[in-house]
Every structure is written in structure tokens, then in C-alpha cells.
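See structure below.
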Ligand code: PLP
């Protein structure tokens, strides 16, 4: 790795910048994961995780990536041949439904244009048409990291309830948890899927499932093959503060510290901070004369903004210039958006001046790449940051 002065700006929408105090917490010596000190750590951790998910029920923590936590949500609740309803919000929704099909589930994939969130009306329509009740779960990505669009999960739940359909609701919050308001219990979500490397400000390596009573009941009869991802032995061992395998001890130290930081700031304040930074970013994009990819102002993401490039411009060229000149990483366009957009991550350990620096780097990169923009964009963002 080349050494460059100053800090690298890791402004992809996850993994995010890990705070120094979290890094320090993770550097403590690894302890016996079957000893009393570890049991105390687990017990405290599992309790302080619950408010972040907005639940009083169990949260299962796996050593694994978000993709593993997707799989855990499916294999614990469903059986081979079950139908599941996924909604095409973007690249990650597409990957999740591919996984479901690979596991032997029949997938109904509601088509989308990658500029809108999951439509509550479309979900309700599909469920209402399913008079035989063959759809067992609806799977939605809360914050589609590939597009910067946030689906309205509470509205989706209401629309599902209005049809009287009993399908479970599984929600991916990998790039929203700890950044965007989210309420597992209040919104009637059955499984919430999350990962460590975004709003929780940790390195990659932990996956999470928050689990409702209904999902737990489903897990008792679900027949998809599972072993490592099985919730039951983990929940059982967690009661005594342990895991049925060697846990990622040092990541758990980091998690405990990150949760303390979120608690100290206050979750409503954390969400308001993200909302404000997202608004300032959209101001910059519009001020430059460019377009925000998200096409519905009820669905703007507060954790990242995807910027649509003019037809004749290559987003990857802009990202390359910004990386080489200013040592800042931005998110690439994924799947069918490759080269068409770049994504600015503004989540996690992030403040006003981090955003100002990020947007200054983006503005200079656009100019160096020869994209015609109005340099007033940066000032428009600073106006939001300066306001009380
Ligand atoms: N879902 C969403 C919304 C994501 O943003 C990601 C990764 O960025 C994933 C799922 C996959 O998670 P992981 O890469 O940790 O396996």
C-alpha cells in the first residue's frame, strides 16, 4: 500500500470510516470466549443492540458478511418450494432474489427501474392476487445501496396488512441501520438483516438478524437446509452469554464501543445528522446541474447519494481522477448502472467538515474530468451546513 499524507477519504457507501476509539477497542487482547468476562460482554452487547433495531426481541449476531445474514433470514424461515416476493429496487435486491432462487425457492420478482423504492401498492397487489396464500415472505431492501433509494417499509407493512395476507416481511437494512430511522417492532418486520460495516462504523465481518415472534415460530417448521446459520442454537447459547462456535471476539469489542457512541449521540440525533448531510449533498448535486438518481422525494436515502452523469460522461473516469488526485474513494455504479453513476457515501462516522471535504473533492474531480458543472454546487451544500 502506498503511503500518502493525511487520511484517505473512504466515501463509498460502506465499508465506512472506522472511528479511532472503535479501532482501539478492537486492539484489546482476545479473551476466552467461554469465560465469565466474555459472557458479560455478550449479555451487555445483545441488550444494547436491540434499541438500534427498534426491537425487544432477539438479535442474532453472526461472524459473516451481509450476504450471510441474507441467507440466514431465508433458511431459517422458509422451506424448499415456497414462493417469495422480491422487489427489484437495484443491484442488491437482484442479488438477494438470485440467492433465494438458488436455495430452491420460487421467486416472484416485481420489476423496477432502479430509481424508485419498493412500491407498497405493487406489493399489496401481488399479495391480494395470491388467494391460495402460496407467497410465504416479502423481501425488501430498505436502503438500496446501489441507487440511493430508501423504501417506505412502514407503508409496505400497512399495505400487506390491508390485504390480510400472512406473508412474513424480511427487510435488508445493511446500509440503513444506525443511519436512517428504522423500527423493527413498530413496523411489524419479521426479520431485519444487517451488517457491521456501514452505519455501525465497524469493519466488515458481522451479520445480524433481528427476529420477530412470528419468524421464530416459522423457524420451527421451516425445512430449508441450515446448520451454521441456524438461529436456535445461537439464541440458546446467547442466554448464557456464549455462542455455539468461536465468535469474532475483537469485532464484538468494536461493536460494544460503536454502540456506546451511537447511544451517547442519541439515535434521533444520529438520524437527523444523516438527513442533514444527505440534504446538503443533494443541494450540491443540483447546484452542479447534475441529477440525483432517486426519482421520488419521499425515498431519498440519507446514507448515500447516487449522482447520474450526463449521457456523454463516464462516471468511472471521474472516480479514478478523484482517487488519484485527492485520495478519496467513491462508490461505483453497480450492475446496469456501471459507468452511469457514482455514489457518495455520507454515513457512519461523519461530520460537517468531512462532508464539505468530500463534496469539494467531488467538485474538483468533475471539473478535472471536463464535466460541465456550475461550481456554485459546493456553496449550495455549505449553505445547508451553515444553517442552524
Ligand atoms: N445488501 C445491501 C443493501 C448492501 O449494501 C450490501 C453490501 O454492500 C449487501 C446486501 C451485501 O453485503 P456484504 O457485501 O456484506 O455481503
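Assess whether residue 292 counts as being buried (at least 17 other Cβ atoms within 10 Å of the Cβ), away from the ligand (no atom under 16 Å from the Cβ) and assigned by TED's automatic domain parsing to the domain that holds residue 66.
no
When the test is whether a residue is surrounded by fewer than 20 Cβ atoms within 10 Å (Cβ to Cβ), at positive phi and either away from the ligand (no atom under 16 Å from the Cβ) or not assigned by TED's automatic domain parsing to the domain that holds residue 243 (or both), residue 133 passes it. Got a number for residues in the stretch 55-69 being within 16 Å of the ligand (Cβ to nearest atom) and surrounded by fewer than 20 Cβ atoms within 10 Å (Cβ to Cβ)? Qualifying residue count for the region: 4. When 18, 61, 22, 75 are checked against the criterion of being within 17 Å of residue 175 (Cα to Cα) and out of contact with any strand residue (DSSP E or B) (no Cβ under 7 Å at 6 or more places or on another chain), 18 stands alone in meeting it. Assess whether residue 342 counts as being part of a loop (DSSP other than H, G, I, E, B), crowded, with 18+ Cβ neighbours inside 10 Å and touching a helix residue (DSSP H, G or I) at 6+ places or on another chain (Cβ under 8 Å). The answer is no for residue 342. Could you please find all residues in the stretch 357-388 being without any contact (Cβ under 8 Å) to a residue 24 or more places away in the chain and surrounded by 15 or more Cβ atoms within 10 Å (Cβ to Cβ)? Selection gives 360, 367. Screening 123, 110, 141 for residues that are more than 16 Å from the ligand (Cβ to nearest atom), within 26 Å of residue 332 (Cα to Cα) and either buried (at least 24 other Cβ atoms within 10 Å of the Cβ) or outside the structural domain of residue 301 (by TED's automatic domain parsing) (or both) leaves exactly one candidate, 110. Counting the residues of the stretch 78-92 that are touching a residue at least 60 places away in the same chain (Cβ under 8 Å), in contact with a strand residue (DSSP E or B) (Cβ under 7 Å, 6 or more places away or on another chain) and within 14 Å of the ligand (Cβ to nearest atom) gives 4. Scanning the stretch 85-103 for residues that are closer than 17 Å to residue 229 by Cβ and over 16 Å from the mean Cα position of the chain (by Cα) yields 99, 100, 102, 103. The residues of the stretch 28-54 that are free of Cβ contacts under 8 Å to residues at least 12 places away in the same chain and either within 16 Å of the ligand (Cβ to nearest atom) or part of a loop (DSSP other than H, G, I, E, B) (or both), listed by number, are 29, 32, 35.
The helices (runs of 4 or more DSSP H) located wholly in the stretch 230-336 that include 3 or more residues which are within 18 Å of the chain's Cα centre (by Cα) and within 24 Å of residue 15 (Cβ to Cβ) occupy 249-265, 267-288. Answer yes or no: is there a residue in the stretch 316-323 that is within 23 Å of residue 7 (Cβ to Cβ), out of contact with any strand residue (DSSP E or B) (no Cβ under 8 Å at 6 or more places or on another chain) and not assigned by TED's automatic domain parsing to the domain that holds residue 114. The answer is yes; a qualifying residue exists.
A count restricted to the stretch 7-27 and to residues that are under 10 Å from residue 253 (Cβ atoms) and within 16 Å of the ligand (Cβ to nearest atom) stands at 0. Reported count of residues in the stretch 1-58, each being in contact with a helix residue (DSSP H, G or I) (Cβ under 6 Å, 6 or more places away or on another chain) and modelled with pLDDT under 95, is 0.
The values are calculated or read from the model by the stated rules, or taken from the named source; none is laboratory data. Nothing here was measured: the structure is a model prediction, and the numbers come from that model. Glycine gets a Cβ as well: all are built from the backbone with ideal geometry, and neighbour counts include every protein chain shown.
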